[in-house]
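Take a look at the structure below.
The values are calculated or read from the model by the stated rules, or taken from the named source; none is laboratory data. Nothing here was measured: the structure is a model prediction, and the numbers come from that model. Note: ideal-geometry Cβ built from the backbone for every residue, glycine included; neighbour counts use all protein chains shown.
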Amino acid sequence: MSDSSGKYSPLVSWDIIGWYGQSLDNKPFLTIDSHDHLFVSDPEGYRILEFSATGEFIRFWGDYGTGLDGMNLPVGVVVDADGGIWVADSGNHRLLHFTLPAQ
């Protein structure tokens, strides 16, 4: 949101511990669903984080691995029209699709 001088300020902000890494290649991606939930990739934490629009932590999933229950540098994340979450699991060279439980 901009003020009368044209300067922009965030409406809300919060820290995410997983983003304090020094890597220039493994930066997180963000996406928002139809309920204004924010989904964040944490590549070096091998997980996806979910927050409310006000920054309240909802859940995370993922851990390091090469099987279907793991991830290796999840970067891109997007919500599809049905509310499913697609994750680009770059270290494992694949796309993963997740259907989340109802809230």
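Numbers below:
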{"read-out": "Selected residue (criterion: surrounded by the most Cβ atoms within 10 Å (Cβ to Cβ)) from residues of region 59-76 that are assigned to a strand (DSSP E or B) and touching a residue at least 40 places away in the same chain (Cβ under 8 Å)", "value": "Val75"}
{"read-out": "Residue identified as free of Cβ contacts under 8 Å to residues at least 12 places away in the same chain and among the charged types (D, E, K, R) among Glu50, Glu56, Glu44", "value": "Glu56"}
{"read-out": "Test result for Arg47, of a type in the set (Lys, Arg) and either loosely packed, with under 14 Cβ neighbours inside 10 Å or within 25 Å of Leu11 (Cα to Cα) (or both)", "value": "no"}
{"read-out": "Region 89-103: number of residues that are assigned to a strand (DSSP E or B) and surrounded by 13 or more Cβ atoms within 10 Å (Cβ to Cβ)", "value": "4"}
{"read-out": "Odd one out for Leu24 among (1) at pLDDT 85 or above; (2) aliphatic (A, V, I, L, M); (3) part of a loop (DSSP other than H, G, I, E, B)", "value": "(1)"}
{"read-out": "Filter result (touching a strand residue (DSSP E or B) at 6+ places or on another chain (Cβ under 6 Å) and either modelled with pLDDT of 70 or more or under 28 Å from Arg59 (Cβ atoms) (or both)) within region 1-21", "value": "Tyr8, Gly18"}
{"read-out": "Residues (part of a strand (DSSP E or B), in contact (Cβ under 8 Å) with a residue 24 or more places away in the chain and under 13 Å from Ile32 (Cα atoms)) located in region 77-88", "value": "Val77, Val78, Val79, Ile85"}
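Results for (1) among the polar types (S, T, N, Q); (2) modelled with pLDDT under 95; (3) within 17 Å of Thr31 (Cβ to Cβ); (4) touching a Gly at 6+ places or on another chain (Cβ under 7 Å), shown as yes or no for each residue.
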site: Gly65; (1), (2), (3), (4): no, no, no, no
site: Met71; (1), (2), (3), (4): no, no, yes, yes
site: Val75; (1), (2), (3), (4): no, yes, yes, no
site: Ala88; (1), (2), (3), (4): no, no, yes, yes
